[in-house]
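Accompanying notes for the structure given below.
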Amino acid sequence: MNKEPVLDVEQLKTYFYLDDDKVARAVDNISFSIYPGETVALVGESGSGKSITALSVMQLINKPGRIVEGNILIDGEEIIQLNPKQMTKIRGNEIAMIFQEPMTALNPVYTIGNQITEILRKHKKMSKIDARDKAINLLKTVGIPRAEEIMKEYPHQLSGGMRQRVMIAMAISCEPKLLIADEPTTALDVTIQAQILDLMAEMKEKYHMALLLITHDVGVVSEYADRVMVMYGGQIVEHAQTKELLRHTKHPYTKGLLESLPNMDEDADRLGTIKGTVPPAYNFPAGCRFSARCPFVMEKCKQSNPELEEIETDHFVRCYLYENEGEQE
Amino acid sequence: MYKYIIRRILVFIPMLFILTIMVFGLAQLAPGDALTGQSLADPNVDPEVYEQQREALGLNDPIPVQYGRWISSVAQGDLGNSLVFNGRSVAELIESRFANTLYLGFFSLCITILVSIPIGIYSAKRPYSLLDYGATGFGFLGLAIPNFFFGLIAIYILSIKLGWFPAQGTMSAPGVTGFEAFIDRIHHMILPGITLGLAGTATYMRYMRSEVLDVLGSDYIRTARAKGMSDSSVLYKHTLRNALIPIITLMGFEIGVLLGGAVITEQVFQYPGLGTLFLSSVTNRDYPVVMAIAMILGILILIGNLLADIFYSIIDPRIRYD
Ligand SMILES: Nc1ncnc2c1ncn2[C@@H]1O[C@H](COP(=O)(O)OP(=O)(O)O)[C@@H](O)[C@H]1O
Ligand SMILES: [Mg+2]
């Protein structure tokens, strides 16, 4: 892929400055690019820094958090130093975002129509009537029946799945180059989850968007993602094309995540899980951040944190187990 | 929504009925009647005379009969006659007082809303700024200082020492008319209005601040910002309406609080409103007047709550279908 990336994140650090002089390094030196039309998955357990990565790209980090360092380029344009007003022209227009909780993500006191048309009026400078027509079309596109009536309804009158469809309609309304979906189906019924993911994949094709799909469900990855980034403790620990990553899983953490999936071939009982929990972002261990939970931990791992190395073409791993592999060639 | 409002109005009627029973009952429970005071004041008059008067006024009839007589005349708009002011009609006594109290309450409510809501919003927009700290300090003072004390200090400094505001009454010269009279009235209402609204202003400022902060942290505000909405749209469109929902409910109760506060504030400023009349009527045991004022205050409180509910159902779409 030699096109220009739609999103280029370079050495991004987003820290939270907590009351007691602690610093939560929620995102700690992350770099990645997303190319046009691509679906990239960002996976990791809860608390590994996925949402903060996404919100940093949107420049929606609230106090006490702050982007400390790094560059974020949208279509080659640096957005870190943009002022708040300039940033409002990019959000919703060039990058859009969908959130985890459809039940609370829509404003309870405004109609669906009002909330979709306002984004069209803001970015596309549409007239009221044009925006209304376009909004009805969008609702139909995302598979909402009775679109005209839904325009006049309020969020509380819709189911969670419907609301997430409305969120998708809003997100694609200005045909952004990049859509970020932060666990878009986690809060939904299992039966609805696949529908919403399929809809997003369909919209991605239709509007030629790139998709950053955040999930803690590795099962979703194989079906929808071209590329996977595995995140742990605010850092990327493994990064490769989906097929490569699933076939030649390297990092013990990624292995652990994959093993925790119910597997058809094996005993249904053997639901391997990684022991322990993600360490809090203000208290990472000195060495490798996964060392305390890693079944292959070595003395070295407790001393220093390994770098993210390209051990095979386009396969990056942050682990001392593969330290020499990249250099052998 | 109309169904909801109609239902709400229907509930109003039995509440009104209960109110009449309470008012009448309280008046009955209170010791003595209008003639007790007079008999104590003038022991030379034969008690038999008062007994005859009681009989004539119907004060010796069984209580349900008295209630029936009272309620049926009240329903016809006849509030009876004062027992003290040479039998002048209660309606006549109350009329101008009632208007004065309404003006004062309305004026005070306007000050409260116009001051507390913008300051609350600003404090939330810039938490821990100088103005936020100032507002917090004022809030504590406003709640800690009793109305009458603040009123006395205001009179001492602003009217006696500085002479900026009149210390009492509703108008200076009876001769003025038109716009001049209006300004004169406002001038007289400023000190009592601020005094009356002080605690409310402090309370609503704090509520508004915490509501706005709460809403600003909510998911749908993050959505609005993710859509690229401007700061002013986020604050004034998406946040404000949600933040006002609980405030409006409280405002309904505020009418009752204001009227209660008016009794004392009016006394401090010698403002000829319902409050001053109420106090003097209680002292004189002029029960027809006391009952009429209690009825009016009760009805105003009920109307306040009704209005709050109606506004609430307009501003929050979720309520209409429950
Ligand atoms: N508002 C906040 N204040 C302090 N720390 C935060 C805040 N938001 C996130 N963090 C820290 O960042 C870490 C990563 O959070 P997040 O990106 O939400 O994880 P996830 O991968 O589940 O989306 C959390 O474990 C927490 O320590
Ligand atoms: Mg998250």
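All of the numbers you see were taken from the coordinates with simple rules; none came from a lab. What you are looking at is a predicted structure, and each value in this text was computed from that prediction instead of being measured. With ideal geometry, Cβ positions are generated from the backbone for all residues, glycine too; neighbour counts draw on all protein chains shown.
Per residue, how big is the convex hull around the C-alpha atoms of chain A? Give it to me in cubic angstrom, could you?
Each residue corresponds to 155 Å³ of Cα convex hull volume.
Compare A:P184, A:P280, A:P84 in a GNM of chain A, Cα atoms joined below 10 Å, and give the one with the largest fluctuation.
Comparing A:P184, A:P280, A:P84 in the GNM, the peak value goes to A:P84.
Karplus couplings for the range B:296-305 from phi (6.51 cos²θ - 1.76 cosθ + 1.60, θ = phi - 60°), rounded to Hz, Gly and Pro as x?
These are the phi-based 3J(HN,Hα) values: 4, 4, x, 5, 4, 5, 4, 5, x, 5 Hz.
Using a Gaussian network model on chain A with a 10 Å cutoff between Cα atoms, which of A:T186, A:T104, A:T242 fluctuates the most?
Result for chain A, Cα springs under 10 Å: A:T104 fluctuates most.
Per-residue ellipticity at 222 nm for the protein assembly as shown, helices alone: DSSP H runs ≥ 4 residues times -39500 (n - 2.57), over residue total, nearest 500 deg cm²/dmol?
-17000 deg cm²/dmol
With θ taken as phi - 60° and the coefficients 6.51, -1.76 and 1.60, list the Karplus ³J(HN,Hα) couplings across the range B:79-88 in order, rounded to whole Hz; mark glycine and proline as x.
For the range B:79-88, the Karplus-derived couplings read 8, x, 10, 5, 7, 9, 7, 6, x, 5 Hz, x marking Gly and Pro.
When all C-alpha to C-alpha distances in the range B:98-315 are sorted into bins of 10 Å, what percent of pairs does each bin hold, rounded to whole numbers?
8, 28, 31, 21, 9, 3, 0
Among the lysines, which fall within straight-line cross-link reach of A:K125, defined as a Cα-Cα distance under 26 Å, with same-chain neighbours fewer than 8 residues apart omitted?
Counting by Cα, and skipping residues close in sequence, A:K125 has these lysines nearby: A:K85, A:K89, A:K134, A:K140, A:K152, A:K177, A:K204, A:K206, B:K227, B:K237.
Non-local amide H neighbours of A:V68 (under 5 Å, H modeled in plane, Pro and chain starts lacking H): which ones?
The list, which skips near neighbours in sequence, is A:K13, A:T14, A:Y15.
Pull up all non-local amide H partners of A:E309: gap of 5 or more, or a different chain, and H-to-H distance under 5 Å with H placed in the peptide plane.
A:V317, A:R318, A:C319
Let me confirm one metric for peptide A:104-115, namely the mean number of other chain beta-carbon atoms within 10 Å of its residues' beta-carbons.
Average per residue, whole number: 5.
Mind sorting A:F290, A:F99 by how few other Cβ atoms lie within 10 Å of their own Cβ, fewest first?
Sorted ascending by nearby Cβ count, the order is A:F99, A:F290.
In what order do B:K237, A:K85 fall by count of nearby beta-carbon atoms within 10 Å, going from fewest to most?
A:K85, B:K237
What whole number of Å gives the distance from the Cα centroid of the range B:247-322 to the Cα centroid of the range A:68-145?
Cα centroid to Cα centroid, the span is 46 Å.
Who wins for biggest fluctuation among B:T101, B:T136, B:T177 in a Gaussian network model of chain B, springs between alpha carbons below 10 Å?
It is B:T177.
Give me the tail of P(r) for the range A:62-202 as a percent: Cα-Cα pairs with distance above 23 Å.
When all Cα pairs of the range A:62-202 are counted, 37 percent exceed 23 Å.
On average over all directions, what projected area in square nanometres does the protein assembly as shown have, based on the convex hull of its Cα atoms?
Averaged projected area of the protein assembly as shown's Cα convex hull equals 42.3 nm².
Quick one: which residues, 5+ away or cross-chain, put their amide H under 5 Å from the amide H of A:M97? H built at 1.01 Å from N.
Here A:G92, A:I180 satisfy the definition.
Please sort by residue number the GluC sites (Glu not before Pro) in the range A:165-268 whose DSSP state is loop and whose Cβ has at most 12 other Cβ atoms within 10 Å.
Passing both the DSSP loop test and the Cβ count: A:E266.
What's the exposure ranking of B:I190, B:I314, A:I119, going from fewest to most Cβ atoms within 10 Å?
Lowest count first: B:I314, B:I190, A:I119.
At a 10 angstrom cut-off on C-beta neighbours, averaged per residue, how do the peptides B:161-167, B:203-209 rank from highest to lowest?
My ranking of the peptides, most packed first, is B:203-209, B:161-167.
Order A:69-77, A:207-215 from most to least packed using the mean count of other Cβ atoms within 10 Å.
Packing order, densest peptide first, comes out as A:207-215, A:69-77.
Check the straight Cα-Cα distances from A:K300 and name the lysines below 28 Å, setting aside those fewer than 8 residues away within the same chain.
Result set, ordered by chain and number: A:K13, A:K22, A:K50, A:K250, A:K255, A:K275.
In whole Hz, with x marking every Gly and Pro, tabulate ³J(HN,Hα) for the range A:139-148 from phi via Karplus 6.51 cos²θ - 1.76 cosθ + 1.60, θ = phi - 60°.
Per residue, the Karplus-derived 3J(HN,Hα) values read 4, 5, 4, 8, x, 9, x, 6, 4, 4 Hz.
Need one value for B:216-222: mean number of C-beta atoms belonging to other chains within 10 Å of its residues' C-beta atoms.
Mean shielding count: 5.
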